[in-house]
Amino acid sequence: MKLFRPFVLALACLAGGVAVAQDYPAKPIRLLIPAAPGGGVDSAGRILATRLSATLGKPVVPENRAGAGTMIASEMLAQSPPDGYTILLATSSHTVNAALRKSLRFDPIGDFAAVSQVGYTPDFLVVNPRSGIKSVADLVAAAKRTPGKMTFGSSGPATLSQLEPELLKKAAGIDILHVPYKGGVPAVTALMGNEVDMLFLGTVALAPFVKAGKLRPIAVTGKTRSPLFPDVPTMAESGFPDWDTGTWYGVVVPARTPPAIVATLNKQIHDALKLPDVRDKLAATGIEPTATTADQFYSLMKTDIARWKKVAETLPQLKVDE
């Protein structure tokens with residue numbers, strides 16, 4: 001009989017997991033949002049939380065945990081019980097951190113279980129309308145006329161808004177200087193005040209200023225043009241083939257969360273993203289609704305980490321100690 005004890009224990013654990021999943025959720029769920037109120041990440045999280053609250057029958061409570069390039073929220077999730085009652089709306093910053101930070105207090109893959117991607121938003125390359133720059137070609141030409149003089153802002157070191165101009169520097173053979181800010185809003189303010197010459201940032205953060213004529217978009221970083229600004233060419237159309245960067249959003253839970261709970265959350269997210277009102281609300285903020293299987297989202301994260309690690313190998317100055 002002793003030979004069968006591991007098998008019996010495994011069955012007991014499986015049965016326990018199924019029982020927990022059948023009762024799930026039995027209490028409110030915390031949705032960690034790795035950003036301050038306002039902006040794309042917060043908007044996506046609150047839209048999703050409202051819908052999931054209605055379909056799961058228990059409140060899904062948004063909880064803003066901004067800081068350290070989304071690492072505060074990631075670490076909090078990694079230390080949470082794997083019971084499905086604390087979930088995280090991760091962004092591509094999660095994989096950028098994994099590639100560029102020299103030390104992390106969590107395993108960016110091993111400590112998390114993927115649930116589903118939720119959406120994607122491209123970034124825009126914007127300039128001050130008073131600059132006279134109307135295209136990427138104009139920007140590159142200006143940078144080549146004054147090497148080392150032009151500047152680009154970012155929302156901080158080891159962020160996508162720093163990576164994208166570094167890629168442009170390498171691809172275009174230009175010398176432009178990095179000026180980091182403590183977030184996207186200060187970077188936008190700096191560009192409007194002519195403190196910096198250019199900025200890559202997400203659609204959600206930039207759209208109001210573009211619509212008001214305070215910023216000029218000269219390229220979008222996705223594979224296709226943005227429905228919000230269809231007249232703005234892609235980076236590929238601007239002379240940089242295969243350029244495809246931007247921010248994805250997706251839900252993750254702690255590793256070892258019962259698969260049945262992951263499946264429940266995945267189905268609820270998929271159902272939510274099929275609804276016209278949810279899709280319209282996300283689209284209005286510049287987010288393209290995108291649902292995936294858990295495996296597809298897991299693969300996306302692994303691929304993204306490998307991609308940015310490869311970039312960091314050629315641009316070692318991007319690595320940060322923090």
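Scanning region 109-136 for residues that are under 15 Å from the mean Cα position of the chain (by Cα) and polar (S, T, N, Q) gives Ser116, Gln117, Thr121. For region 218-242, the candidate set comprises residues that are under 17 Å from the mean Cα position of the chain (by Cα) and not polar (S, T, N, Q); within that set, the residue that is farthest from Asp295 (Cα to Cα) is Val220.
Scanning region 163-187 for residues being surrounded by fewer than 23 Cβ atoms within 10 Å (Cβ to Cβ) and within 22 Å of Ala212 (Cβ to Cβ) gives a total of 4.
Quick check on region 138-162: of everything there that is part of a helix (DSSP H, G or I) and within 28 Å of the chain's Cα centre (by Cα), which residue is surrounded by the fewest Cβ atoms within 10 Å (Cβ to Cβ)? If we take residues in region 138-162 being part of a helix (DSSP H, G or I) and within 28 Å of the chain's Cα centre (by Cα), then Val140 is surrounded by the fewest Cβ atoms within 10 Å (Cβ to Cβ). Across region 205-221, the number of residues qualifying as β-branched (Val, Ile, Thr) and surrounded by fewer than 24 Cβ atoms within 10 Å (Cβ to Cβ) comes to 2. Say whether the condition of being polar (S, T, N, Q) and either more than 14 Å from Ile305 (Cα to Cα) or surrounded by fewer than 18 Cβ atoms within 10 Å (Cβ to Cβ) (or both) is met by at least one residue in region 109-119. Scanning region 109-119 turns up at least one residue that is polar (S, T, N, Q) and either more than 14 Å from Ile305 (Cα to Cα) or surrounded by fewer than 18 Cβ atoms within 10 Å (Cβ to Cβ) (or both). When region 236-250 is limited to residues that are hydrophobic (A, V, I, L, M, F, W, C) and within 30 Å of Leu48 (Cα to Cα), the one that is surrounded by the most Cβ atoms within 10 Å (Cβ to Cβ) turns out to be Trp248.
Reported count of residues in region 263-292, each being closer than 13 Å to Asp83 by Cα and within 20 Å of the chain's Cα centre (by Cα), is 1. If you take the residues of region 80-108 that are within 16 Å of the chain's Cα centre (by Cα) and polar (S, T, N, Q), which of them is surrounded by the most Cβ atoms within 10 Å (Cβ to Cβ)? Among them, the one singled out is Thr91.
Only residues that are at positive phi and over 21 Å from the mean Cα position of the chain (by Cα) were counted in region 170-195, giving 2. In this entry, Pro165 is excluded by the filter for residues that are within 20 Å of Asn97 (Cβ to Cβ), outside any strand (DSSP E or B) and in contact with a Pro (Cβ under 9 Å, 6 or more places away or on another chain). Give Ala212, Ala207, Ala187 a once-over and let me know the one that is within 25 Å of Trp308 (Cα to Cα) and of a type in the set (A, V, I, L, M). Going through Ala212, Ala207, Ala187 in turn, just one is within 25 Å of Trp308 (Cα to Cα) and of a type in the set (A, V, I, L, M): Ala187.
Write out, first by first residue and then by second, each pair whose Cβ atoms fall under 8 Å of each other, whose residues are 6+ apart or on separate chains, and whose first residue, in region 210-226, is touching a residue at least 60 places away in the same chain (Cβ under 8 Å) while the second is of a type in the set (D, E, K, R) and part of a helix (DSSP H, G or I). Pairs found: Ile218/Asp138; Thr221/Glu164. For Leu275, indicate whether it is surrounded by fewer than 20 Cβ atoms within 10 Å (Cβ to Cβ), among the aliphatic types (A, V, I, L, M), within 30 Å of Val179 (Cα to Cα) and touching a residue at least 60 places away in the same chain (Cβ under 8 Å). No.
Helices (runs of 4 or more DSSP H) wholly in region 1-88 with at least 1 residues that are closer than 26 Å to Gly156 by Cβ, among the aliphatic types (A, V, I, L, M) and at pLDDT 90 or above - which ones? Steps first, please.
Working: elements: 5-22, 40-56, 71-78.
By residue number, 40-56, 71-78.
Can you tell me which residue in region 63-75 is farthest from Leu104 (Cα to Cα), limited to those that are touching a Lys or Arg at 6+ places or on another chain (Cβ under 9 Å) and surrounded by fewer than 18 Cβ atoms within 10 Å (Cβ to Cβ)? Selected residue: Glu63. Screening the candidates Lys281, Lys223 for the property of being closer than 28 Å to Val185 by Cβ and either part of a loop (DSSP other than H, G, I, E, B) or aromatic (Phe, Trp, Tyr) (or both) yields one hit, Lys223.
The values are calculated or read from the model by the stated rules, or taken from the named source; none is laboratory data. Because the structure is predicted, anything quoted here is derived from the model rather than measured. Reconstructed Cβ throughout: ideal geometry from the backbone, glycine too, with neighbour counts over all protein chains shown.
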